[in-house]
């Protein structure tokens with residue numbers, strides 16, 4: 001992807017940046033000229049963020065935060081604004097995964113998944129949007145859904161429902177923010193080679209009684225383009241939806257999944 005400075009002068013807040021899609025998009029936003037506030041749980045930034053800080057240090061801050069704590073995220077948004085001005089771009093990526101058959105998907109799993117994937121996503125978005133509206137800023141939000149949010153699956157009912165909620169909240173927030181000139185969209189990745197996917201493959205293998213790696217092979221077999229996605233496959237869509245190139249696009253969820261889902 002050619003860097004064209006499409007995000008010059010923007011202040012992006014990104015969650016779930018310790019690896020995979022979040023780290024790849026963080027690098028892309030920095031390369032496109034944005035100032036970035038990276039959020040994750042670890043007390044110290046990961047090696048990937050440290051490397052980006054060495055390249056873009058004057059435009060990158062790292063803040064430790066738990067997205068499931070709404071009060072904490074409101075404070076993070078305020079802190080980021082104090083450092084670099086109003087956040088006018090949110091890449092809302094933090095998420096976790098788990099699976100179990102419908103008859104065994106218990107309340108603890110439900111609470112854990114919805115706490116991060118739905119509660120964390122919504123209240124982080126709310127905190128950023130509230131400040132955009134108060135400051136009169138015309139910004140953009142890019143939420144991260146999933147192909148799992150497009151359809152139910154027998155072993156991942158809670159996860160599918162949590163990602164379906166991301167798509168629904170994206171539509172509702174996009175409609176609410178349109179009069180303010182703020183766009184809210186989402187991307188829906190397919191199977192993507194990230195640290196989270198290692199957990200996905202392991203849990204599916206245990207549930208299916210097959211060797212590790214076999215679930216991934218089967219999932220790839222269902223991808224029309226015949227391969228697993230890479231984190232960098234998401235960066236073009238994430239930059240596009242954040243930029244003025246998408247100035248008349250809102251309430252949409254863009255599938256980035258090699259043709260697995262058509263909508």
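The values are calculated or read from the model by the stated rules, or taken from the named source; none is laboratory data. Just so we're clear, the structure is a prediction, and the values are computed from it rather than from any experiment. Glycine gets a Cβ as well: all are built from the backbone with ideal geometry, and neighbour counts include every protein chain shown.
For the stretch 90-121, name all the residues that are within 21 Å of residue 208 (Cα to Cα) and either touching a strand residue (DSSP E or B) at 6+ places or on another chain (Cβ under 8 Å) or in a loop (DSSP other than H, G, I, E, B) (or both). Those that are within 21 Å of residue 208 (Cα to Cα) and either touching a strand residue (DSSP E or B) at 6+ places or on another chain (Cβ under 8 Å) or in a loop (DSSP other than H, G, I, E, B) (or both): 96, 97, 98, 99, 101, 102, 103, 104, 105, 106, 109. Taking the stretch 165-263 as the region of interest, the helices (runs of 4 or more DSSP H) fully inside it that hold 3 or more residues being in contact (Cβ under 8 Å) with a residue 60 or more places away in the chain and surrounded by 13 or more Cβ atoms within 10 Å (Cβ to Cβ) are 195-208, 235-242.
Here 138, 151 are screened, and the one residue that is surrounded by fewer than 16 Cβ atoms within 10 Å (Cβ to Cβ), touching a residue at least 24 places away in the same chain (Cβ under 8 Å) and within 22 Å of residue 256 (Cβ to Cβ) is 151. Every listed requirement among (1) touching a strand residue (DSSP E or B) at 6+ places or on another chain (Cβ under 6 Å); (2) in a loop (DSSP other than H, G, I, E, B) is met by residue 38 save one, (2). For the residues 29, 62, the requirement of being assigned to a strand (DSSP E or B), in contact with a helix residue (DSSP H, G or I) (Cβ under 9 Å, 6 or more places away or on another chain) and either farther than 20 Å from residue 189 by Cα or touching a residue at least 60 places away in the same chain (Cβ under 8 Å) (or both) singles out 62.
Of the candidates 31, 105, the single residue that is more than 30 Å from residue 5 (Cβ to Cβ), crowded, with 16+ Cβ neighbours inside 10 Å and at pLDDT 95 or above is 105. Per this entry, residue 124 is counted among residues that are within 20 Å of the chain's Cα centre (by Cα), surrounded by 23 or more Cβ atoms within 10 Å (Cβ to Cβ), part of a helix (DSSP H, G or I) and at negative phi.
Residue-wise test of (1) surrounded by fewer than 24 Cβ atoms within 10 Å (Cβ to Cβ); (2) under 24 Å from residue 256 (Cα atoms); (3) touching a strand residue (DSSP E or B) at 6+ places or on another chain (Cβ under 6 Å); (4) at pLDDT below 95.
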residue	(1), (2), (3), (4)
16	no, yes, no, no
48	yes, yes, no, no
53	yes, no, yes, no
75	yes, no, no, no
